[in-house]
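Before any comments, here is the structure.
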Amino acid sequence: MRTPTICLVLVSIICRLTAGGEGAQAASRTPYVHSFSDGNGGWISDNRDPVRLWHGTATCTSPWFVDPNHAPPGAGYLHLILWIHTDERKFQPGSASAARLPYVGASFVKQGKSRDLRDAKLTVRLRGDLDLKGAQLLLLAQAETQKTTANLVLSGQPIPIKHDWSDESIVLADDPAQWTCLGARRGREKEYGCDEVDAVLRDVNCDIIFVLFPLHPKPAVPGADHPGLYAGLNYPVDQTSLPRGVIQFASVRIDYPAK
């Protein structure tokens, strides 16, 4: 009889189709909690730098890398302040992505948390001393969808940065009015694009990132910003045009809504 063979083939196909998705992990919806007094937790700073831990905090100081991937005609430049992978495929040993990381593993993945972040509440304990130059601290959700790799910032809910410690909460609302798609600069359209908010939030399978956005970088040499050239990539940036200072993070918590 060939029925068992056919069944095995079908099971194999189903496993390949669900590999890496929510169906492939024990998706816990109890709160994700990480305190930086317990270590870096797999959180990464800036352009794949190890987090600087100081007195139980993730301490992020300028100058920061200017990310040009979403420069105009995308939504704009940004700083990557603190981020974590949400899918273990991003740090598999031997992979090209893992080779560029300061360490592998992520507490979000280790805790087996659900990547369905629709209407989840994120609470961060932080403080800082910054000259923001018009930027805001925002949450970015990045996901590979069937359509593209989409980067959305929660522009409707900027995170306050105060001199004293405070607990600040945002809700990853399944509401397009709350989000801004970053799109892509010219030459990056195959890597990045836009998709529906629901498609991104139902499986945030790349990372979540605290960013400073938007930036308004000026060239260090006047006139260097010709069309088709990008700040930090094709010409040096006047650092006085960028945010400066320090942000300290004590903890991050994600609470899932009841289903």
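Here are the numbers for the structure shown:
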quantity	calculated
Which numbered condition Val237 fails, given (1) at pLDDT 95 or above; (2) farther than 26 Å from Leu132 by Cα; (3) hydrophobic (A, V, I, L, M, F, W, C); (4) more than 21 Å from the chain's Cα centre (by Cα)	(2)
Selection count where residues are in contact with a strand residue (DSSP E or B) (Cβ under 6 Å, 6 or more places away or on another chain) and either under 21 Å from Asn69 (Cβ atoms) or part of a loop (DSSP other than H, G, I, E, B) (or both), scope the stretch 120-138	4
Residue check for Leu242: farther than 30 Å from Val109 by Cβ and surrounded by fewer than 20 Cβ atoms within 10 Å (Cβ to Cβ)	no
Filter result for Asp225 (of a type in the set (D, E, K, R) and within 29 Å of Val109 (Cα to Cα))	no
Among (1) farther than 28 Å from Arg186 by Cβ; (2) modelled with pLDDT of 95 or more; (3) within 17 Å of the chain's Cα centre (by Cα), the one test that Thr57 misses	(3)
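Yes/no matrix, rows are residues, columns are (1) over 22 Å from Ala58 (Cα atoms); (2) touching a helix residue (DSSP H, G or I) at 6+ places or on another chain (Cβ under 9 Å):
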position: Val153; (1), (2): no, no
position: Asp167; (1), (2): no, no
position: Arg185; (1), (2): yes, no
position: Glu196; (1), (2): yes, yes
position: Arg202; (1), (2): yes, yes
position: Ala224; (1), (2): yes, no
position: Pro227; (1), (2): yes, no
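Rundown of residues vs (1) modelled with pLDDT under 95; (2) in contact with a His (Cβ under 7 Å, 6 or more places away or on another chain); (3) surrounded by 18 or more Cβ atoms within 10 Å (Cβ to Cβ); (4) not small (Gly, Ala, Ser), yes/no style:
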{"position": "Asn151", "(1), (2), (3), (4)": "no, yes, yes, yes"}
{"position": "Ser166", "(1), (2), (3), (4)": "no, no, no, no"}
{"position": "Pro176", "(1), (2), (3), (4)": "no, no, no, yes"}
{"position": "Gly187", "(1), (2), (3), (4)": "yes, no, no, no"}
{"position": "Leu212", "(1), (2), (3), (4)": "no, yes, yes, yes"}
{"position": "Leu215", "(1), (2), (3), (4)": "no, yes, yes, yes"}
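The values are calculated or read from the model by the stated rules, or taken from the named source; none is laboratory data. Just so you know, these numbers come straight off a predicted model, no measurement behind them. All Cβ positions, glycine included, derive from the backbone under ideal geometry; neighbour counts span all protein chains shown.
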